[in-house]
Number of protein chains: 4
Amino acid sequence: MVLLEEDERSEALRTLPGWSYDDEARALRRSFRFRDFGEAFGFMTRVALEAEKADHHPDWSNSWNRVEIALTTHSAGGLTRSDLVLAARIDAVAAPLALEGGAD
Amino acid sequence: MVLLEEDERSEALRTLPGWSYDDEARALRRSFRFRDFGEAFGFMTRVALEAEKADHHPDWSNSWNRVEIALTTHSAGGLTRSDLVLAARIDAVAAPLALEGGAD
Amino acid sequence: MVLLEEDERSEALRTLPGWSYDDEARALRRSFRFRDFGEAFGFMTRVALEAEKADHHPDWSNSWNRVEIALTTHSAGGLTRSDLVLAARIDAVAAPLALEGGAD
Amino acid sequence: MVLLEEDERSEALRTLPGWSYDDEARALRRSFRFRDFGEAFGFMTRVALEAEKADHHPDWSNSWNRVEIALTTHSAGGLTRSDLVLAARIDAVAAPLALEGGAD
């Protein structure tokens, strides 16, 4: 797994508008808000299936209708292409559901 | 649990257009088709949460992107209000996702 | 995907004692019974993750604490090694949970 | 929802050996470690079903095989009987699976 260069990272973030880069954690972050717990956990189940398929897993937390996701490649010590691919898959899963994105 | 009268059942079916009544099984049936397995199983997870909340569970099957659901109240030997309530909840969960409904 | 020869299939079934071969469906079948719906659906979620990882999915049904699974490779028209691998993974997931196996 | 008295809380913690009380968050906390992501997420699905049934939801996070759970009753500003009941349900679900408990 090759770490992204700074300019690759900047360019990738332009195609992932809901995500921001956390410099300290060297991770992509995004927050999602859903209508209720059921919708949030249904989303999490779909992300879990994508993660298992890609063998690349998020660090994430949930509180009722909120899901906070951080993506990084622990073995590489920062962002790799696997994080960008998973971020794009997560956005596709969330698109018909999420009330709002953004790092709120 | 009180069985629905025939006219209650007919009236209910008018408000649940995707569902049909299976006379032999005394059950409401609906088929759902999704984009892929992940979307189908995410839907099933949300239905599972609704079912557990209502303490009323579907008889259902899945094959890749297809989910077939039958609702009946086994303890009552046919349809009750619990089946109508769960059918409406399932429709609400499926609405933003399902490619097609109908008893196809 | 190569279909299993009859003797490969017979030998495989000896290592998968809970499963039986359904000649007509050309599928491996096993029934599982759990303590309640929650345990059954937790099991299904784990099988869903294994299936997505392997890109090979079961035909299955659930009714409260019961899960019936059929494994076949539709594209090959019968059993392949993918079915044996998934059957063994399903057994590993069920082992600490299932009350009984067998094609009951 | 009535807040637990301090002595009720102390007594409850004696029956929930894996859990500790976080004074600042006014929450019960427990960490779980599983064999892999699949086992961790299967556990989370079962907890989600319990939470939805009880209409009382955890604050929790996951990183591959780790699940960290905090239980508190936000509307009451601290621990109530709902937290104790959910903690006991979570322990029952984890018992056949978790490699270790404790606030590690």
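The values are calculated or read from the model by the stated rules, or taken from the named source; none is laboratory data. What you are looking at is a predicted structure, and each value in this text was computed from that prediction instead of being measured. Because the Cβ atoms are built from the backbone with ideal geometry, glycine has one as well, and the counts that use them run over all protein chains shown.
Results, tabulated for the structure shown:
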quantity: Among (1) of a type outside the set (D, E); (2) crowded, with 19+ Cβ neighbours inside 10 Å; (3) in a helix (DSSP H, G or I) - the single one A:A98 does not satisfy; calculated: (3)
quantity: Boolean, D:S82 is hydroxyl-bearing (S, T, Y), at pLDDT 95 or above and within 12 Å of the chain's Cα centre (by Cα); calculated: yes
quantity: Positions within the range B:38-59 being surrounded by 21 or more Cβ atoms within 10 Å (Cβ to Cβ) and within 24 Å of C:A27 (Cα to Cα), in sequence order; calculated: B:G38, B:A40, B:F41, B:M44
quantity: Residue in the range C:18-28 that is over 29 Å from B:A70 (Cα atoms), among the polar types (S, T, N, Q) and touching a strand residue (DSSP E or B) at 6+ places or on another chain (Cβ under 9 Å) present; calculated: no
quantity: Unique match (being surrounded by fewer than 18 Cβ atoms within 10 Å (Cβ to Cβ) and either of a type in the set (A, V, I, L, M, F, W, C) or in contact (Cβ under 8 Å) with a residue 40 or more places away in the chain (or both)) among C:S63, C:S10, C:S20; calculated: C:S20
quantity: Subset of the range A:23-42 [within 11 Å of another protein chain (Cβ to nearest Cβ) and free of Cβ contacts under 8 Å to residues at least 60 places away in the same chain]; calculated: A:D36, A:F37, A:G38, A:E39, A:A40, A:F41, A:G42
quantity: Residue list for the range B:43-62, filter: acidic (D, E), more than 8 Å from chain C (Cβ to nearest Cβ) and outside any helix (DSSP H, G or I); calculated: B:D55
quantity: Failed item in (1) assigned to a helix (DSSP H, G or I); (2) over 16 Å from the mean Cα position of the chain (by Cα), with A:A40 passing the rest; calculated: (2)
quantity: The range A:73-95, subset more than 10 Å from every other protein chain (Cβ to nearest Cβ) and part of a loop (DSSP other than H, G, I, E, B), residue surrounded by the most Cβ atoms within 10 Å (Cβ to Cβ); calculated: A:L79
quantity: Subset of the range C:63-72 [farther than 17 Å from B:E68 by Cβ and in a loop (DSSP other than H, G, I, E, B)]; calculated: C:N65, C:T72
